[in-house]
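Novice: Pasting in a structure now, in structure tokens, and then I'll have a few things to ask.
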Amino acid sequence: MDKAIRDWRRLVAKKAGVVWQDGFFDHRLRGNESYEEKAHYIRMNPVRAGLVTEPREWPYIWEAGGT
């Protein structure tokens, strides 16, 4: 998994000029965890970082049931 993420990050950084922070945290969903709950958490990251006020304002988001 580490190599796959590293290679993907390298590709995105080269093509899109993205600067990544070191490391990553992978989280395997367990039976009692909701995919929608985790997707909402991810969509809220730019809001928590103060980059936008609503998740829909973030231009790099995917639509998965709306937020």
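The values are calculated or read from the model by the stated rules, or taken from the named source; none is laboratory data. None of the values given here were measured: they were computed from a predicted structure. Note: ideal-geometry Cβ built from the backbone for every residue, glycine included; neighbour counts use all protein chains shown.
Novice: What's the number of the condition ALA13 fails, among (1) loosely packed, with under 10 Cβ neighbours inside 10 Å; (2) modelled with pLDDT under 90; (3) of a type in the set (A, V, I, L, M)?
Specialist: (1)
Novice: Let me ask you something else. On the basis of being modelled with pLDDT of 80 or more and either part of a loop (DSSP other than H, G, I, E, B) or surrounded by 10 or more Cβ atoms within 10 Å (Cβ to Cβ) (or both), does HIS27 make the cut?
Specialist: no
Novice: Looking at TRP8, is it touching a helix residue (DSSP H, G or I) at 6+ places or on another chain (Cβ under 7 Å) and either surrounded by fewer than 10 Cβ atoms within 10 Å (Cβ to Cβ) or aromatic (Phe, Trp, Tyr) (or both)?
Specialist: So TRP8 does not fit the description; no.
Novice: Collect the residues in segment 1-22 that are outside any helix (DSSP H, G or I), within 15 Å of the chain's Cα centre (by Cα) and under 20 Å from TYR60 (Cβ atoms), keeping them in residue-number order.
Specialist: Hits for segment 1-22 are VAL18, VAL19, TRP20, GLN21.
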